[in-house]
1. Collect the residues in the stretch B:253-312 that are of a type in the set (A, V, I, L, M), in contact with a strand residue (DSSP E or B) (Cβ under 9 Å, 6 or more places away or on another chain) and buried (at least 17 other Cβ atoms within 10 Å of the Cβ), keeping them in residue-number order.
2. Can you name the condition, by its number, that B:F258 falls short on among (1) under 30 Å from B:N169 (Cα atoms); (2) aromatic (F, W, Y); (3) part of a loop (DSSP other than H, G, I, E, B)?
3. Taking into account only those residues within the stretch A:266-303 that are in contact with an Asp or Glu (Cβ under 8 Å, 6 or more places away or on another chain) and assigned to a helix (DSSP H, G or I), which is surrounded by the most Cβ atoms within 10 Å (Cβ to Cβ)?
4. Answer yes or no: is there a residue in the stretch C:599-618 that is among the hydroxyl-bearing types (S, T, Y), closer than 18 Å to C:T564 by Cβ and more than 13 Å from chain A (Cβ to nearest Cβ).
5. For the stretch A:243-278, how many residues meet the condition of being touching a residue at least 40 places away in the same chain (Cβ under 8 Å) and either in contact with a helix residue (DSSP H, G or I) (Cβ under 7 Å, 6 or more places away or on another chain) or not β-branched (V, I, T) (or both)?
6. For residues in the stretch B:324-345 being closer than 17 Å to B:R289 by Cβ and touching a Pro at 6+ places or on another chain (Cβ under 9 Å), which is nearest to the other protein chains (Cβ to nearest Cβ)?
7. Which fully enclosed helices (runs of 4 or more DSSP H) of the stretch C:260-374 have 3 or more residues being away from every other protein chain (no Cβ under 14 Å)?
Amino acid sequence: MKSLFYFLALCLGLAYAQKIGQKELIERAAAGNGVIALDAETFDALTSQKRTWSATIQFTALAANRGCMPCKQFDPAFNSVAKAWSTVSADKRELHFFATLDFDKAPTVFQKLGLASAPVVFAYPATEGPRKTGRTAPTKYDFQDGFDAAPLAQHLSKLTPIPIPYRDPIDWAKHIMTAGAIIGSGILLRAVAPILLTRWTWAFAGVILSLVMTSGYMFTRIRHSPYTGKDGSWIAGGFTNQYGQEVHVIAFVYGLLGLAFIMLTVVVPMQTSAAKQRMQIYLWTAVIMIIYSVLVSLFRVKNRAYPYRLFI
Amino acid sequence: MPMKWASVPLALLLSVTSALCGSSSFENTAIVRTVELGGAVVHVTTTTALKTYTVALGKADREKTSLVEAKVKGQDKLLSYTERVEKDVSLFDVTLPKPLAGNKTVNIVFENIQTHATTPWPETAEQRDDQGLKYTTGLFVLSPYSTLVQRTKLKALVPRFKSYTEPKNVDAFVGDAAVTKAGATVVYGPYKDIPASTNANFIEKYQQPITVHYYHEQPVLEVRTLKRAVEISHWGANINTQDDITLYNAGPKLKGHFSRLEHQMQGYMNKPAPHILPALNLGLPPGIRNAYYYDTIGNVSTSKLRVAPLAPKGAQRSQFSLLELRPRYPLLGGWNYSFTLGWDAPLESSAAYDKKTGTYTVSVPILTPIPGAVVTDEELQIILPEGATDVNYALPFPALSAEIGTHVTFLDTVGRPSITLRYKNLTVKNAQDIYVTYKVSTLAHIKKGLNVAAAVFILFALGGIARRVDLSITPRKKKVQ
Amino acid sequence: MPSLAYPVPTDLSPATVKNTASLFRIVTLALISGAAIASRLFSIINFESVIHEFDPWFNYRATRVLASKGFYEFWNWFDPTAWYPLGRVVGGTVYPGLMATSGVIYYLLQALNLPVDIRNICVLLAPGFSAFTAWATYMFTKEMKDESAGLLAAAFIGIAPGYISRSVAGSYDNEAIAIFLLMFTFYLWIKALKLGSALYGTIAAVFYFYMVAAWGGYVFITNMIPVHALVLIFMGRFSHRLYVAYCSWYAIGTLSSMQVPFVGFQPVSTSEHMGALGVFGLLQLVAFANLVRSHVSSQNFQKLLRIAVVAIGALGASAFVFLTYTGKIAPWTGRFYSLWDTGYAKKYIPIIASVSEHQPTAWPSFFMDLQMLMFLFPAGVILCFRELRDEHLFVIIYAVLSSYFAGVMVRLMLTLTPVVCVSAAIALSSLLDVYLNPVEPDEEQDAVAQPAKSGPADAAPSTASSKSTSSTRGIFGIDTRLVVVFNTLWMLSFFVFHCTYVTSTAYSSPSVVLASQGQDGSQHIIDDFREAYYWLRQNTEEDAVVMSWWDYGYQIAGMADRPTLVDNNTWNNTHIATVGKAMSSSEENAYPILRKHDVEYVLVIFGGLIGYSGDDINKFLWMVRIAQGVWPDEIQESNYFTPRGEYRVDENASKTMKESLMYKMSYYRFADLFGGNQAVDRVRNQHAPKNIELGLPRRGVHVRKLDRPYLPSQERGHARAGSEERERL
C-alpha cells in the first residue's frame, strides 16, 4: 500500500517534473518577486520546445566563493526589471517570465549551453501560440551599455508582449545633494564674490581647464581608461591610448613650461638686481630645456617612430 | 616577329601575261594570294602589261578593306589606280609604269589590308580557354582575265587549325587536291585554267566563301577611338603630343568572372592566356620628356619608360623610346580600357626652318603604332602657334575630313590655328608623317609676353590708384583703440 | 639717454624705419604663404595630384557638375545614382561654398584663357587657401597684440600639422576653405567691435554667410560671437560699439545664411542658433535700458528697469524652453549633442560613433599636431588675461571652448589650432619683445617708469606696445638676452623639423593610393582601389548597382561612376543598416536583399594579404552593430564572437561569422594563394580558413577583391597608423 503510494507519488512527481506547466511557473514567479529561481529541471521546463511564453534568463554565479563581481553588480538590476514586469496586468504578465539560474545550482546547464562566463542573459522567444516568432534559439543580451537596469528593460521590451514599465528609481539622495550644493554654492558665491571678480581666478580656472583638456582628459573619461596600467605602469603604450595618470603628468609638464615662459616674460624683467635677474633667466631657460626634453622623450614612448630627441 | 593581330595581311601575287599586243586583254599566268592570318591585312600581287590592268575584289572583301596598294614586284614605287564598283565586285584599274609588251610578264603586288576581318569563335571563353578566330574570304581570286594557275595560302602564326572549309564544285580546276594543310599554312589550290571570273555567271557558279577557324595566341586589340592633339610651341621650343585612347579587347568575351588568382598562376607558370593583355609595348619618339600616362581617375603608376637619346641632326631616325604600358587591370576579352598618354619632345627634332621664305616645316606622325591593333576612328588635331599664317599641309594619304579651325588655350588672345583631320580603320601601315608648313612673324612671337606685361602693369596701376583714393564719406578719424 | 645692451643705428629717420619694417612684413608674409603652400605639397610630390580620401571625392564630383553644367544645374541637381533607389537631392543637401569657390576660380581662369584642369584646381585649393588663412591669422593677431605677433601666428598656422592634416593638396574638403573663413570672420568681428563699425560688421556678416555656405562648422561662429558679446555684457563692458557690431553682424548674417538651401530656416528654428538670437534680444534690452538710464536719473526707476530687463530676459528664456518642449524649436542635433553628452552617440547613433574622426583625442595627438605651441598656449592665455581688452576676452573664450571640443573629438582639433597659434604667438612675441629690446633699466632704481619713448629705442624694430612695457622694467646684460633668444630660436627650428616630419609621414597619404616600402627601400605604389573602381567604370553597365560599405560610396560614385546603395552622406540609417544586414547575413538571407536592391556588384576590401588594416573585416563589427540597431532580432553582435568573446577569423570563428557574406567574400579562395601552406591573414595575424565556398550566383554578382600580393608595409609605424585611424576605426 505504502509502496504503491510512493510509486504513485513518484509517477506524479515525474509527470510533474516533466510537465511543470505555465501555471506552476506563474506561481513560482509570484513567489520569487517576479523572478523564478531555476534549477536544471525547471530550466528545461521553462525553455521547453513547446512554449507559448517567452522568457528572460539570467545565468549567474552569486555564491561568494565564486567571486563574480559583475554578477553581484548586475543581479539587482535584473531583479528590479523583473519586479517592474510583475506589476503589469496578469494576462500580459503570464506571457513572459524572468528567471535566474545560478551556476552552483545547475552546472550541467552551463555546460550544455557552453557558457564559460557569467553573467549572461538569454532571451527565449515564444515558439507556439499567437506570439510565435518562428525562431527557437535564444538571443543574447550584450552588456554594451553596462549593467544598468534601464537599457536592459529597454532591450527586453522588444520581446515582451508590452513594454516593461521600468522606471529608474528616483534617487532622492542625489537630488537633495544637488539642491544643497546649489544653495551652498550660492551662499559661498556671496562670500567669495571678491575672489570671483578678480581676473586671475578666472585666468587660473581657464588655463587649468585647457591644460586638462589638451592633456587628454576627455579621452580617459569617454574611453573609461584606468588610472594606471594593470602592471602598474602609468604610461600607456600606443599612440591612440592613454591612462588617467598621464593627464596629470602632461598637464603638469605643459603648465610648468608655460609658467617658465610667463616668468621670463613678466616676472624676470621686474627684477631690479642684475645678478639675481641673470640667475633667474638661466634657471628658467634650463627649466624649459630640461622639461621640454622630458616631454619629447615621453612623446617618443607613445610614438616610437618619432625620429627626434632632445637632451634626454 | 611582326604581330599582326587585328588585321589580316593578304598578299595576292599575280603573274600576268599579255596575250595580245596592243589589246587590253591579259592573261594571269599565276596568281598567288597569301593571307597572313591574324587580324585583317591582305597583300595582292599582280603581273601585267600595257597601260592599265584591272584587279578585282569581292564585295565582302572590299567591305573589310581599309588600304589598297599596288606595286611592281621588287620596286618601291606605288602604282596609281582608280576604283570601279560593280554589282558583285570592286575593280581596281591599276596604271602600269610602262606598257607591257606582248607576251611579256610583269609581277604586280596588289596589297590590301583588311580590318575587323576576324571574329572570335566561340564568342565567349573562360579565362583559361584558348582563343579561336574565324576568317572568311572568297575561294577564287576574281579577275576579269583568265588565269592559268591560282593558289590561296592562309598562314596562321601557330600551326593549329580548328577547321577549314572544303571547297565544293571545283573539280574542273583542281589538279591534285582542292585544299591542303602544311604546318601553319592552309593552301587552296593550285587551281588551273580559270576563265575570266568577274562576271556574275562565274561568281554564282564557282565562287564560294571559305572559312578558316584557327588559334591565335595574341590578344585581338582594337583602338576604338584615338584622339591625338599635337601642340607646337615656339616659346618652349616644344612639341607636345597627347593621345586619348580607348582600347578594346576584341577577343572572345570573358565567360564567368575574372580570377586574379588564376591570372597570377598563369603568370607564374609562364603560360599566359592568349586573350589577356597584361601590358603593351609602345615605341615613342626618341628624346622625349615629361611623358605622362593617366586616365579619368588619375595617374597610372604601372608603366616604365626608357627614353632613347635624340639622334644627331641629319642622321637617320634613331631608335624608339620604349614605353611598357600596363593598364590598371589586365585586359580580358570584351573589356575596355581608356587612358591618356602624352609627352613633350624638343621642337627641333621634328621641325625645320627655312630662312629664305621664313617658313617652318613640322612633321607630325599620324599615330603611334600599337602593334597589330586597328584604330577604328582617329581625330588628329595639330595646333600651331598663335599668329601662324600661310598654313599648308601635305598628307601621306587622304583623310576622311580635314578642316582648319581656331583653338584657344594658354593665355591666348586670338587663338591658334589648328588643323583637324579624321581617319578610319588605320593600321601600323598608316603610321606615317604629315608635313605642316606655316609662317610666324616676330611680332606674333612676342605678342603674348607684351599682353601679359600690359595686364600686370594695369593691375598694379589700378591697385596704386585704389590705395591713394579716399572713398570715405566723412574724413577718416584716428583709430580708436 | 638710456643705456643700451647692444648698439642700435641712430641715424635712421622714422619714415625709413617704418617703410623698411612694412617691406619686411610684406616679404615675410609672402614667404610664410610660400612655406604654407609648399609644406602641403608632399602628397603631390610623393604620389600625384589626386583627390584624397572619401568626402573630397564627392566634393570633386559635385564641382565637376558645377563646372561643366553651370550653377543652376548644380543647384537643382538630383543624383539618382546615390542611395539607390532613393536618390539624393544634392543641391539642397550640400554646403555649396567649396564647389562654388572652385567653380568661380575655374571660370575665372577659363576667361583668362588659362586652361587649368578642374581637378588641379580642386587639389590645390586647400594649399592656396592655407596662404589666405595665414594672412587672416596675421590680421587677427595684429588686433590682439601687434604685427610681430601677427607674423609669428601666421608662420605657426602656416606649418602647424593640426591644420595641415585637413588641408594638404588633394584633401578637397569643406575645411579647406572654412578655416580661412573662420579666422577672417573673427578678425572682422574684432575689427567691427573695436571700431563700432557697421561696415566691418556687415563685411563680417558677408564672410559669415560664405562660411555658412561652406561648412557645417559655422555653428561655431554662430555661438562664439554671441558668447563673446554675452560675456562682455556681463562684465559691464556693454558699449555702443558692441551694439552696432553685433546687430549688424547678426541681422545681415542670419538673413543671408538662410539663403543657403541646406540651412534654410534653421537659424530661427533650431537650438544651435538660439544663443545668437537670445543675445541679439538681450542686447536690445540692455541698449534700451542704457538709453533710458542716460535720460532718467531716478534711482527707483533704474532699479525697476533692471528688474524689468531681468524679467524679460527670463521670460524669453522660458519661452525658448517652452518652444523647444513643444517642438517648435528643434532640439540639438545628435552630432552637436554628442559633444556634451559623450556617451550619447555610441548608444543612439552608432554611425557617428563609428567614424574615427569622432573619437576623443589622446594627448599624443595634441602634441603631434601642435608640439611646442601646446605649452605656449596657456602662457599666451595668461598674457591675454593680463591686458584683458575686449578682444582678448574673445581669445580666452575661444581657447577654453575649443580645447574642450578638441578633447572630445579628434576632428575638432582643427578649430583649436588657430587659437593655439594666435595665443602661442602672443606669448612668444611678448617674450621676444622683452629680450630684444636694447634698452637696459637702471639698476636699483625703484619704481621709476621706463624712460620716455624717444630716440633710438623708438627706432628699434621690436618696439613693444607701450602698455606692456610701462609696468615692466627690462633686462640687464647681453648674455641673458642671447640665452633666451637662442633658446627660442632653437625651439622654433625644432618646431619646423617636427612639422615637416609629421606632415610628410602622417598627413600626406592620399589613402586612395597607398605606398609601401620594399626591403631595399624602393617604394611600391598600391593602387588596388583605383584598379577596382576603374574596372567598374569601364566594364560594367552604366546602371549597374554596386554595393559596398558606406565608406566607399563617394569613391565609387566619383571614380567608378556607378550607382551605390549607401555613401558617406550617411543620412539614412535604415539604408545603411540594410547593407550591414546583407553583409552580415548568410548567403541565403543576403541574396534576396541584394536582388531587391538590384545589386549587381559587391565591392569588398580585404587587406589580409598585404597587411592593410583598414579593410572591411576590421570594420565588420560596425556593420553588425548598425544592422543590429534596426533588426535586433535577426542580427546580434554577440553571435559574431567566439564563445570566449574574441573576434576571430580563423577556424575558431563563430558559425554566424563564418556564414556571413562578408566573411565568405573576404576569404573566398584566399587559402589557394598560399599553395599548400597555411594561409595567414596578415592584418589579424590569424590563420585563414581553407575551403570557403561562395554560392552566390556568379552571373549576377561579381566579386572583386584587392588581393594583389605586394610586400607588406614595413614603415607603417604609429604615426601612420594614427593618421589612418583618423578615418575609420
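1. As a first pass, look at the stretch B:253-312 and keep what is of a type in the set (A, V, I, L, M): B:254, B:261, B:265, B:269, B:273, B:276-277, B:279-280, B:282, B:284, B:288, B:291, B:297, B:300, B:305, B:307-308, B:310-311.
Checking the rest, the ones that are also in contact with a strand residue (DSSP E or B) (Cβ under 9 Å, 6 or more places away or on another chain) come to B:254, B:273, B:276-277, B:279-280, B:282, B:284, B:288, B:291, B:300, B:305, B:307-308, B:310.
Within the stretch B:253-312, B:L254, B:A273, B:I276, B:L277, B:L280, B:L282, B:L284, B:I288, B:A291, B:V300, B:V307, B:L310 qualify.
2. (1)
3. My answer is A:R278.
4. First, pick out the residues of the stretch C:599-618 that are among the hydroxyl-bearing types (S, T, Y): C:601, C:612-613.
Those still in the list that are closer than 18 Å to C:T564 by Cβ too: C:601.
Of the ones still in play, those that are also more than 13 Å from chain A (Cβ to nearest Cβ) are C:601.
Checking the stretch C:599-618: at least one residue is among the hydroxyl-bearing types (S, T, Y), closer than 18 Å to C:T564 by Cβ and more than 13 Å from chain A (Cβ to nearest Cβ).
5. Here is the first cut: in the stretch A:243-278, the ones touching a residue at least 40 places away in the same chain (Cβ under 8 Å) are A:249-251, A:253-255, A:258.
Subset that is either in contact with a helix residue (DSSP H, G or I) (Cβ under 7 Å, 6 or more places away or on another chain) or not β-branched (V, I, T) (or both): A:250-251, A:253-255, A:258.
Result for the stretch A:243-278: 6.
6. Filtering the stretch B:324-345 for residues that are closer than 17 Å to B:R289 by Cβ and touching a Pro at 6+ places or on another chain (Cβ under 9 Å), the one nearest to the other protein chains (Cβ to nearest Cβ) comes out as B:W343.
7. Passing ranges, in order: C:266-269, C:271-295, C:299-326, C:334-340.
Residues are listed down the side, and each one gets a yes or a no for (1) within 22 Å of the chain's Cα centre (by Cα); (2) within 14 Å of chain B (Cβ to nearest Cβ); (3) crowded, with 17+ Cβ neighbours inside 10 Å:
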| residue | (1), (2), (3) |
| --- | --- |
| C:W57 | yes, yes, yes |
| C:A62 | yes, no, yes |
| C:V65 | no, no, yes |
| C:Y72 | no, no, no |
| C:N76 | no, no, no |
| C:T81 | no, no, yes |
| C:G87 | no, no, no |
| C:G97 | yes, no, yes |
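The values are calculated or read from the model by the stated rules, or taken from the named source; none is laboratory data. A quick note: this is a predicted structure, and the numbers were derived from the prediction, not measured. Cβ sites come from the backbone with ideal geometry, for glycine too, and all protein chains shown count toward neighbours.
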